[in-house]
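In what follows, a single structure is set out as structure tokens and then discussed.
Each reported figure results from applying straightforward, stated rules to the coordinates on display, with no laboratory input. All values reported here derive from a predicted model rather than from experimental measurement. Ideal geometry is used to build each Cβ from the backbone, glycine not excepted, and the neighbour counts take in all protein chains shown.
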Amino acid sequence: MTPKPEIETAESDSRAPRDERSVATPEERFSIHVAQTVSRLRAERGLSLREAARLTGVSAATLSLIENGRTNPTVTLLWKIANAFKVSFTSLVEPPKPAVSVVRGSATPVVEADAGRFRNHPLFPFDPSTRFEIYRIEMDSGAVLVSEPHPTGTEEYLTIFSGEAEVTVEDERYRLSSGDAIRFPADRVHGYRAIGDEKVELSMVIGYA
């Protein structure tokens, strides 16, 4: 998915939001779910688009496009919204899970960053009883993502299944190969980089305090 650029020329998109029932692909359903969730969270807080823009650091025009299902937001934009509204990332991108869930790889949405070289596949959404969420991550050679601090007390658990990655936590760097795992505090600046020629595949578990 290719995100559309942020534009600052409009307060809202006059076109009606798309109905999730009228679209078929996982990416389209993902876009509509994000639209409905962001709109609901903003309404619950009684915020105008411009007030939400000041809170999240995402332009009012881009928030309007997101809420109308007219753009596919990047990982960075979604994290800005999640952190500002004090909700988990997965609560923005996944509907509530049933008692038993089987996730098919072909049915998962993809949230991209770094020009598509970093691909985030949300697998299991945040569960209040366990307070964690799970993703499958793919990183092409050279892919880089820097993440802003998550809420206080958040931890990440990564397991590398293929390739080599460098994980940065503030000023410390950790090189990981296939079979390695790492746990680190994610309430500070951290990042990921694919090193070597092989694509990196990893599992990411984010636990909230």
Contour excess over end-to-end distance, with Cα ends at GLU155 and LYS199 and 0.36 nm allotted per residue: 13.4 nm
Where a ≥ b ≥ c are root eigenvalues of the Cα gyration tensor, a/c under 1.5 meaning rounded, otherwise prolate if a/b exceeds b/c and oblate otherwise, the range 107-207 counts as oblate
Cβ crowding within 10 Å averaged over residues, with 101-114, 196-209, 75-88 ranked highest first: 75-88, 196-209, 101-114
Mean residue ellipticity at 222 nm from the helices of the chain, using -39,500 (n - 2.57) per DSSP H segment of n ≥ 4 over the full residue count, to the nearest 500 deg cm²/dmol? -7000 deg cm²/dmol
Ellipsoid equivalent to the chain - semi-axes via the Cα gyration tensor, in Å: 28, 18, 17
Distance in nm between GLU172 and GLU51 label points, each 7 Å along Cα→Cβ, equals 4.1 nm
In Å, the C-alpha Rg and Dmax of the range 155-209 are 10.8, 36
Quick one: Cα convex hull volume of the range 46-130, Å³ per residue? 125 Å³
